[in-house]
Amino acid sequence: MVEMTMPELVSLDLPTEPYWLDLPRGVRVRVRPLDTAAMKAAEARSQRKVRELVTHVAGVREAGGDVTGLPDFGDPDIRAGLAEALFVEALAEIGIVAWEGVKADLSKGSAAQLMRNPDIGPPFLAAYLAPAAAASAEGNGSAAGSDGTSGPGGNIAKGA
């Protein structure tokens, strides 16, 4: 006999109001709740900036110009790292509504600059994505079974 398990339900218990994140070095940021639109906007913005930068640098080099002090954008790892850094900056620009422990007024530029600090950017990303990651970790019943398969389950709609 096949053992039936009910699929787990996805939690909808995500923040709906701005909330504070405690970051290293005494920094606190108040953020809007992260939703799909904000996440996709940050992804699009970071990808666009990478494309623009790579295109601009290539254009300068093709015109005989010298571009010094920049990493090799032909390296896919460099581009991926740059995209991730720009993603964190975009999330900060979109999501941060207030802060404490920063010696600057909050603006898009200053939020992006704060995220360039390696002590702040990665912890911000982890903390800001944590509520959505926790909800995803609860599962939705589509993970592989204990035997490693994801085959069809039994009929859970009786009489169907």
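Sort 17-26, 59-68 for me by packing, meaning the mean count of neighbouring Cβ atoms within 10 Å per residue, highest on top. Mind showing how you got there, number by number?
Values: 17-26: 13.0, 59-68: 8.7.
Sorting 17-26, 59-68 by mean packing, highest first, produces 17-26, 59-68.
Were the residues from residue 14 through residue 116 laid out at 0.36 nm apart, the gain over their Cα-Cα distance would be 34.0 nm. Placing a pseudo-label 7 Å from each Cα along the Cα-to-Cβ vector at residue 54 and residue 25 gives an inter-label distance of 3.0 nm.
Rule-based calculations on the coordinates, nothing more; no lab input. Only a predicted model underlies this, so the values are computations on that prediction, with no experimental measurement involved. All Cβ positions, glycine included, derive from the backbone under ideal geometry; neighbour counts span all protein chains shown.
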